[in-house]
Structure formats: C-alpha cells, structure tokens
Amino acid sequence: MPLLAILAATAVFCAFLLALGRSPASFFQLVWTGAFGSWFSWRNTLSRAAPLLLTALCVAVPAQLGLVVIGGEGALVLGGLSATWAGLQMGGAPGPVIQLAMAAAGAAAGAVWLGIVGVLRARRGINETVTSLVMAYIAIALFNQLVEGPLRDPASLNKPSTYAIPKAAVLPTLPGLDVHPGILIGGVACVLCWLLIARTTTGFAARMTGGNVRAAQLQGLPVAWLMVGACALGGALAGLAGMIEVAAVHGRANASLVAGYGYSGILIAFLARQNALAIMPMAVLLGGIGAAGGLLQRRMGLPDAAVLVLQGMIFVAILASETLYGRIRWFQPRATA
C-alpha cells in the first residue's frame, strides 16, 4: 500500500511538473543523481537520513498505543539546545565523556517535553496530536528566545548562535565512509525499538493497548504508564537526533536545527506503517529526495521547496490510502490461516 501511494503521488507530481513546463523524466533523473548517483551524493543522503531515523521513531513508538504524536520537531530543537548547554559546561572533560553527557542531556530534554504530552493524554484525556503540535511551536519559540538571548554568542552577528561546543565533543566520521555516526546510531535505535515492540512483553502490552484501550484496562495493564513511557521514549529519540545534529554537523545550536526533520519524520513513519525496521529504507529515500533539492534548483530552475511539494503529495496519498484500506476490494488485507 505505501508503494501504491508513492506511485500515485508521483503521477500527480508529474502532472504538476508538466504544468510548470518541466520534464518529469529530467526531474527524477536529477533526483537519482543528487541522491544516489555518486559517493558524494550518498554521503549527503545518509547525513540527512540520520536525524530522520530518530524523528520517525518518535512517531512510530507512540503509534503502537494508537497515539498520533507529531511534535518531534520541538523535542529535536530542545534536545540540541540542551546538549549544547551540557557540552559547554564540561569543556575540560575528555571527548567521550562530553559526548555522553550531551547525549543524556538531549535525550532527557526530549523525553520530558513529549512526556508531558503523554501525561496530558493519560490523565486528562487531552488529544495528543493537538498537544504535541502546540508543544512543538512552544519549543521552537523557547529555543529562539534562548539562542537569541541568554545563550547567544556575541560574535554571531548575522546568524544568532550559541557558543561552539568544545572540539573534543565533535563526533568523528565513521572510518572509511566520511559519514558521521548518526546514521549508525539511528539504525541501531530502529533495531532496538523493533525488538522492544515485537519481542518483549512491554511491546505486546503496548500493541494490545493500541488495539483496544478498554480491553487492556480490563486485563490490568498499566495503560497510563505505557502512554507516558511511549511518548517519553519517542521524545528522547528526537532529542538525541538534536544532539547528533549539534555534535556532528553544526557544532553549536542555531536556527539551522529547525530544519523540518521532525515533520518529515511523520511522513516516514506513515510510509513505514509504523514499523521500526521499515523506517530505515524510507528514511534513506526521503533523505535522498531532500539531498537532491540543490541540484534541482541549479539544473532545472526549480525552487528548493519543490521536493517539499513532492513530500506533501506523498503524505496526502498515504493518508488517503490508509482511509481506503479495507474499504475497497484491492486494499482489503488477506485472511491468514
């Protein structure tokens, strides 16, 4: 079904390109070249896919309980800011110690931020989708206030930023690949989350809660704690993504962290049907599309946002296919023996 949705969105996007007087064949050839055509393209794709793996898990983990949490962007930026602050407080420590402290600070900030969403859902019944989105906007506003105010480096004139983290805290590239370790961390996180969901009693309890909350309560499952824990775990993963962006890419916290990775993670999670293992190829695919934006702008004269139009069309197609699933004969799941 996700494949059919992607094909449908691609067909609509081709019509969009033809209306602009652009060749769809040239567009997708350039996307392939910019995303996977060379090792330089692969490096850009994998660098963009690294945070997407974690922000997609931020959506997929709570979804096992039937929760639609879309506030990963807020957890990411606060995670990156908290990690930066932690790194600046430990300037004289060894590199691995600083990196671990930054990772803990980033994950903790994200866990607390989205854990609040879980508490509001479990204790007050407040819709988690609306709450997480509002919390994301609040987080971005708080981030901008701190970066442009108390934590700002006076030397950062045109682009307000915090002070740079110590050089020892910068994450090195993977040997022989020239890619930062975020892609490896994200891949390991996907595998661990899949094991948690599919191979543990906690994961079974979460899936049972997602299937029928009332039945889970009658069985004595701690539904409230499961909701809070799932939201907090998703937030911790998004916060870790923010830490990786700071320690491996930017070297400090600034507006570059607000890059839409949290929102792209929503699309990836839906494309993967909330499967932690399927998130990995989908993140690489979306990361590649994003990496090709600059090449499309130079070669075809399209704005860099053209790839966002394609992503938006894919997301709408995915939502439509989810609605049709089980209602049309072609979309009905097959019965198993």
Checked region 154-176 for anything touching a Pro at 6+ places or on another chain (Cβ under 8 Å) and part of a loop (DSSP other than H, G, I, E, B); matches are LEU171, PRO172, THR173, LEU174
Sole residue being closer than 15 Å to VAL246 by Cα and free of Cβ contacts under 8 Å to residues at least 12 places away in the same chain, chosen from LEU100, LEU52, LEU120: LEU100
Out of (1) of a type in the set (A, V, I, L, M); (2) under 18 Å from THR33 (Cα atoms); (3) not assigned by TED's automatic domain parsing to the domain that holds GLY186, what's the single condition that is false for ILE318? (2)
Quick one: PRO24 ticks every box in (1) farther than 15 Å from ALA306 by Cβ; (2) in contact with a Cys (Cβ under 6 Å, 6 or more places away or on another chain) bar one, so which box is it? (1)
If a residue has to be surrounded by 15 or more Cβ atoms within 10 Å (Cβ to Cβ) and free of Cβ contacts under 8 Å to residues at least 60 places away in the same chain to count, how many in region 11-36 make the cut? 4
Among (1) closer than 21 Å to ALA50 by Cβ; (2) part of a loop (DSSP other than H, G, I, E, B); (3) not aromatic (Phe, Trp, Tyr) - the single one GLY220 does not satisfy: (1)
Residues located in region 115-129, provided they are surrounded by 13 or more Cβ atoms within 10 Å (Cβ to Cβ) and either touching a Ser or Thr at 6+ places or on another chain (Cβ under 9 Å) or part of a helix (DSSP H, G or I) (or both): GLY115, ILE116, VAL117, GLY118, VAL119, LEU120, ARG121, ALA122, GLU128, THR129
For the condition assigned by TED's automatic domain parsing to the domain that holds VAL112, surrounded by fewer than 24 Cβ atoms within 10 Å (Cβ to Cβ) and at pLDDT 95 or above, what is the one hit in LEU240, LEU221, LEU196? LEU196
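The values are calculated or read from the model by the stated rules, or taken from the named source; none is laboratory data. Owing to the predicted nature of the structure, the values given are computational and were not obtained by experimental measurement. Positions of Cβ are backbone-derived with ideal geometry, glycine not excepted, and every protein chain shown enters the neighbour counts.
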